[in-house]
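First the structure, in the form of structure tokens, and then the observations on it.
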Amino acid sequence: GEIKLTKPLDFEAARTHDFSVTATDGGGLSAICKVLVEVVDVNDNAPEVVVSSFSSPLPENTVPGTVVALFSVRDRDSGANGKISCALQDQLFFSLRPAYKNYYELVTVSALDREETAQYILSVTAADAGSPPLTSTQTFTVDISDVNDNAPVFNQTSYTMYVRENNVPTAFVGAVSAADADVGLNAKVTYSLAAVAAAERPSCSCISVNAENGHVFVLRPLDYERLRQTEVTVSASDAGSPPLRANVSVRLVVLDENDNAPLVLYPGQESGPAPSELVPVSAEAGYLITKVVAVDADSGQNSWLSYHLLRATEPGLFTVGVQSGEVRLRRPVTDRDSVKQKLVVLVRDNGKPPLSATAALSALLLKDFSDVRLPHGSAATEDQGGSLTTYLIISLVFVSLLFLTSTAFFVARRVCKRKELQAGHVLYGAEHLQPGLADAAAAGTLPRAYCYEISLTTGSGNSEFKFLKPILPSLPPQPCALGQGPEGQDFPCVPVSTEDMAPGNDGTLSAGQFN
């Protein structure tokens, strides 16, 4: 009459079993009894977690208390074996909250940051109260989606870039770089020059920034002497909505090139004569004559100046301080030295290649400073000699041309006058010629050519001297009247014009009309 199990019992499937047992004897009699079997529960079923809802991915700007998942738990066991408790392993950012009966909510308890943790793996453990307890685990994988909550960040707090002056246009001088902790479009960075107020506008608008890679370029050549440095603000902006941006200061320093020659301040190098320094002849060696002062617009070693004596009337008489530019006597002055000494001092910088300038000056070696006027006057005369010579040459040429013109005019006038005189000549004939003179003329005792100087009276209308040539050879000699001198001496007659003189009543010339 033993009752045995033919298969395992399951409390969850059937808590009781009943059946009838018949006892039969050998005589054929039997009896029936009903057997009721109650199954006693044992903790053989682990809790179950049933997820009703689950949200993933979760935006990183989710506010605390947001429900991420809703699930229920159950256990087929009964009694203590069916009593379930749930636990969350990581309760820093999430927690479990009972909702209704055996339902639980998985909620956020603090702000999320995708840049710190992009994914959370949460494990919910459900355990019953059996002995030993049984547990089950439900895993939730929560992805955090990006939100544009991070502005670009530059890898330096400020940038300093260098460029040499006289650079080529669009010269590359450096690059700025910024990174965005976000992802996707929220992390795409573009660069630009930040807009500034008009009052704060930089002195140079010669800087450009590549929008894609942040490369910085100088658009035009720079001059160190006009602009030594400039500062601009570069902005980095992402492509989020709304976009976030960050600014950084970029300082551009212009490096000096040796592109400026020294400028001599003293002595002045104007177009006028070089200044003269007075030096007593009694000065000893080392006497300070003057000092050449020069400056260089460059900087650094490009502006380091040195002074050298390039040439001088007496090179051995002077010395120039290499660093100071002081011009001093190398030796005492001697009588063989010229009074006026001219010097040329070379001023050279220390650049590569070096540039130079010259300073011209003169020194007057005087015994007494009261003689200072004479050298200065001589110097002025020498300086003005060139211009005076030019003026004199022009004057002489002008006077010569005037003289030649006047002479030609005078000669032409005299020729015309002579022709008029020849046309009006009157010969006083042989009827007035005395017999003795006629015979002498016929005998050829008188010269054929005479030139007389005639002095006219004050009452004459013409006061010129007339130089008369001899009678033309083509005219035969003829007797003429003789004039009577104051002592009764006879003068040879000459042909005269009635315009120039008037004879006496007898046709003779008075003594006062002959010299």
Quiz item: Pro280 versus (1) surrounded by fewer than 16 Cβ atoms within 10 Å (Cβ to Cβ); (2) not assigned by the TED database to the domain that holds Arg328: which is the lone unmet condition?
Solution: (2)
Quiz item: Restricting to the stretch 105-120, what's the tally of residues that are among the hydroxyl-bearing types (Ser, Thr, Tyr) and either open to solvent by less than 20 Å² (accessible area, probe 1.4 Å) or touching a Lys or Arg at 6+ places or on another chain (Cβ under 7 Å) (or both)?
Solution: 2
Quiz item: Does any residue of the stretch 102-109 turn out to be closer than 30 Å to Asp180 by Cα and under 60 Å from the mean Cα position of the chain (by Cα)?
Solution: no
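Considering each of Leu288, Leu263, Leu255, Leu222 in turn, give the residue that is touching a Cys at 6+ places or on another chain (Cβ under 8 Å) and modelled with pLDDT of 90 or more.
Details: Leu288 fails: touching a Cys at 6+ places or on another chain (Cβ under 8 Å); Leu263 fails: touching a Cys at 6+ places or on another chain (Cβ under 8 Å); Leu255 fails: touching a Cys at 6+ places or on another chain (Cβ under 8 Å).
Going through Leu288, Leu263, Leu255, Leu222 in turn, just one is touching a Cys at 6+ places or on another chain (Cβ under 8 Å) and modelled with pLDDT of 90 or more: Leu222.
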Quiz item: When the stretch 70-126 is examined, which residues are found to be touching a Cys at 6+ places or on another chain (Cβ under 7 Å) and of a type outside the set (Val, Ile, Thr)?
Solution: Leu96, Tyr104, Ala126
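Residue-by-condition table, conditions (1) of a type in the set (Val, Ile, Thr); (2) closer than 30 Å to Gln301 by Cβ; (3) in contact with an Asp or Glu (Cβ under 8 Å, 6 or more places away or on another chain):
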| residue | (1), (2), (3) |
| --- | --- |
| Pro152 | no, no, yes |
| Phe172 | no, yes, no |
| Leu185 | no, no, yes |
| Val196 | yes, no, no |
| Tyr224 | no, yes, yes |
Quiz item: Can you find even one residue in the stretch 66-81 that is part of a loop (DSSP other than H, G, I, E, B), open to solvent by less than 50 Å² (accessible area, probe 1.4 Å), within 30 Å of Glu115 (Cβ to Cβ) and not aromatic (Phe, Trp, Tyr)?
Solution: yes
Quiz item: In the stretch 29-50, is there at least one residue being assigned to a strand (DSSP E or B), open to solvent by 90 Å² or more (accessible area, probe 1.4 Å) and of a type in the set (Lys, Arg)?
Solution: yes
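Of the residues Ser123, Ser95, which is exposed (fewer than 14 other Cβ atoms within 10 Å of the Cβ) and assigned to a strand (DSSP E or B)?
Values: Ser95 fails: exposed (fewer than 14 other Cβ atoms within 10 Å of the Cβ).
Of Ser123, Ser95, the one residue that is exposed (fewer than 14 other Cβ atoms within 10 Å of the Cβ) and assigned to a strand (DSSP E or B) is Ser123.
Does the stretch 295-345 hold any residues that are under 30 Å from Arg226 (Cα atoms) and assigned to a strand (DSSP E or B), and which are they? Please lay out each step first, then the result.
Kept after step one, since they are under 30 Å from Arg226 (Cα atoms), are these residues of the stretch 295-345: 295-308, 322-325, 345.
Passing the criteria: Val295, Leu305, Ser306, Tyr307, His308, Val345.
Please verify whether Pro354 is part of a loop (DSSP other than H, G, I, E, B), open to solvent by 60 Å² or more (accessible area, probe 1.4 Å) and modelled with pLDDT under 90, treating the condition exactly as stated.
Working: part of a loop (DSSP other than H, G, I, E, B): yes; open to solvent by 60 Å² or more (accessible area, probe 1.4 Å): yes; modelled with pLDDT under 90: no.
So Pro354 fails the test.
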Practice problem: Can you tell me which residue within the stretch 229-265, out of those that are without any contact (Cβ under 8 Å) to a residue 60 or more places away in the chain and surrounded by fewer than 20 Cβ atoms within 10 Å (Cβ to Cβ), is farthest from Ala294 (Cα to Cα)? | Solution: Ala239
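The values are calculated or read from the model by the stated rules, or taken from the named source; none is laboratory data. Keep in mind the model is a prediction, meaning the values are calculated, not measured. Here Cβ is always computed from backbone atoms with ideal geometry, including for glycine, and neighbour counts include all displayed protein chains. Ligands, DNA and RNA are stripped out before the accessible areas are found, and what is left, the full protein with its side chains, is counted by its heavy atoms. Shrake-Rupley method; radii C 1.70, N 1.55, O 1.52, S 1.80 Å.
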